[in-house]
Amino acid sequence: GGVGGYGAVYRVEPLGAPGRSFALKLSLHPDPGRALREMALLLDRAWHPNVVRVHATGRWPDPVEGLPYFVMDWVEGLALHVWAETVNPTFRQVAIVGGSVAMTLGVLHARGVLHRDLKPEHLLIRTRGQMPVLIDFGAGDQAGAMTLTTTTLPPGTLHLRSPEAIRFQQRHWRQPELRYPYSATDDLYALGVCLYRAVTGHYPFPPGQEPELLAVAITERLPPSPRDINPQVPEPLSRAILGLLEKEPEQRPRTGEAAHSELMRGLLSGGAAAFEAHLFDEIPGKPNQIRRPTWPEQPYLTPAPRPRAAPVVAAPRRLPAWGWVGV
């Protein structure tokens, strides 16, 4: 289990079936709106084999006025970045996991559901089967739902926010009544950040920077190619991850299905052999310990190209055929 800003998660077992584990998530926030929305999402539109499943809901200690809780599957597995460095899977396995998450997001987006806080900690890889499970829809949203956030941006993590979300906040920070129109391409950008972290051991824009510098890097700088950080990354996979990190949402895959196609492209081509390599080299004499690639001292040598505005051509000035011309 664990405790976060909005709730606590406990590993529980039914009294009548000891040994069968579930996760009980108890809201600790005075406003139950977030927890109730997450329950509604998981019970209705967010149902999917790759999304954690809810089995029961209630309130505690008082069944009417108490704190909301819900009981979910206990997922035996590791967070994506921990799995990458502990299991040291092949690039094939990572591409399949990434493609599976992309397809899952595509299904959810088609139902009007947005995760809005996708990060490696919210992507668990099952120990059995090595397939991903999306968890923590506390910041999630669905079409037609009432707005709960009281800030310009929904709850989230800065180094996983899209460039357009940060630009919106930079433009409208004096207008807290405005709400950023989060979209499917924001979720897909966050998936790109997660996969970059998995195959390189680093975030494309490291979270240790000052928030102002981090925001500038996300909006103004191109990250190094994953292959430049970890030369073992197959070129098609490196290119697909960078495609998810494009600065302009129009340049990214527009749907989860399109992102899946890009992530799978290398596996279906003649260069599939490169996908059989493991992510990282192991440290000699230390089995199961990987050597994380080095992050360059000056990673952002290339500024992001700015969208070009169409040139304005001045119309030729015509003088009237008769009358006075004012000066």
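The values are calculated or read from the model by the stated rules, or taken from the named source; none is laboratory data. This structure is a prediction, so every number in the text was calculated from the model and none was measured. Glycine gets a Cβ as well: all are built from the backbone with ideal geometry, and neighbour counts include every protein chain shown.
Of the residues in the stretch 272-313, how many are modelled with pLDDT of 75 or more, among the small types (Gly, Ala, Ser) and more than 23 Å from PRO234 (Cα to Cα)?
1
So for the stretch 217-225 (the condition being touching a residue at least 24 places away in the same chain (Cβ under 8 Å), under 25 Å from THR90 (Cβ atoms) and surrounded by fewer than 18 Cβ atoms within 10 Å (Cβ to Cβ)), does at least one residue qualify?
Within the stretch 217-225, none of the residues are touching a residue at least 24 places away in the same chain (Cβ under 8 Å), under 25 Å from THR90 (Cβ atoms) and surrounded by fewer than 18 Cβ atoms within 10 Å (Cβ to Cβ).
Restricting to the stretch 247-280, what's the tally of residues that are charged (D, E, K, R) and touching a residue at least 40 places away in the same chain (Cβ under 8 Å)?
Filtering the stretch 247-280 down to residues charged (D, E, K, R) leaves 247-248, 250, 252, 254, 257, 262, 265, 276.
Retained after the next criterion (residues that are touching a residue at least 40 places away in the same chain (Cβ under 8 Å)): 247-248, 252, 254, 257, 276.
Within the stretch 247-280, residues that are charged (D, E, K, R) and touching a residue at least 40 places away in the same chain (Cβ under 8 Å) number 6.
I'm trying to understand the selection: among the residues of the stretch 115-135, which are out of contact with any His (no Cβ under 6 Å at 6 or more places or on another chain) and within 13 Å of VAL51 (Cβ to Cβ)? Break it down into steps so the answer makes sense when it comes.
Start the filter on the stretch 115-135 by keeping residues that are out of contact with any His (no Cβ under 6 Å at 6 or more places or on another chain), which leaves 115-119, 121-134.
Of everything in the stretch 115-135, those that are out of contact with any His (no Cβ under 6 Å at 6 or more places or on another chain) and within 13 Å of VAL51 (Cβ to Cβ) turn out to be HIS115, LEU118, HIS122, LEU123, LEU124, ARG126, MET131, PRO132, VAL133, LEU134.
Any idea which residue in the stretch 177-202 is nearest to the chain's Cα centre (by Cα), counting only those that are among the polar types (S, T, N, Q) and crowded, with 21+ Cβ neighbours inside 10 Å? First the steps, then the outcome.
We begin by selecting, within the stretch 177-202, every residue among the polar types (S, T, N, Q); these are 183, 185, 200.
Checking the rest, the ones that are also crowded, with 21+ Cβ neighbours inside 10 Å come to 185, 200.
Values: THR185: 10, THR200: 16 Å.
For the stretch 177-202, the residue satisfying everything is THR185.
Hey, could you check the stretch 138-160 for residues that are touching a helix residue (DSSP H, G or I) at 6+ places or on another chain (Cβ under 7 Å) and buried (at least 17 other Cβ atoms within 10 Å of the Cβ) and say which is modelled with the lowest pLDDT?
Going residue by residue through the stretch 138-160, those that are touching a helix residue (DSSP H, G or I) at 6+ places or on another chain (Cβ under 7 Å) are 138, 140, 142, 145, 148, 152-153, 158-160.
Next, from what is left, pick out any that are buried (at least 17 other Cβ atoms within 10 Å of the Cβ): 138, 140, 142, 152-153, 159-160.
Numbers: GLY138: 58, GLY140: 45, GLN142: 42, THR152: 60, LEU153: 61, HIS159: 93, LEU160: 94.
Restricting to residues being touching a helix residue (DSSP H, G or I) at 6+ places or on another chain (Cβ under 7 Å) and buried (at least 17 other Cβ atoms within 10 Å of the Cβ), the top hit is GLN142.
Among strands (runs of 3 or more DSSP E) lying entirely in the stretch 46-105, which contain 2 or more residues that are loosely packed, with under 15 Cβ neighbours inside 10 Å and not assigned by TED's automatic domain parsing to the domain that holds PRO132? Working first, answer last.
Details: elements: 54-60, 67-73, 77-79.
Of the strands (runs of 3 or more DSSP E) lying wholly inside the stretch 46-105, those with at least 2 residues that are loosely packed, with under 15 Cβ neighbours inside 10 Å and not assigned by TED's automatic domain parsing to the domain that holds PRO132 span 54-60.
Which one is surrounded by the fewest Cβ atoms within 10 Å (Cβ to Cβ), of the residues in the stretch 7-27 that are among the aliphatic types (A, V, I, L, M) and assigned to a loop (DSSP other than H, G, I, E, B)? Walk me through how you get there before you give the answer.
Applying the first criterion (among the aliphatic types (A, V, I, L, M)) to the stretch 7-27 yields 8-9, 12, 15, 17, 23-24, 26.
Cutting the leftovers down to assigned to a loop (DSSP other than H, G, I, E, B) gives us 15, 17.
Numbers: LEU15: 6, ALA17: 9.
Once the filter is applied, the top-ranked residue is LEU15.
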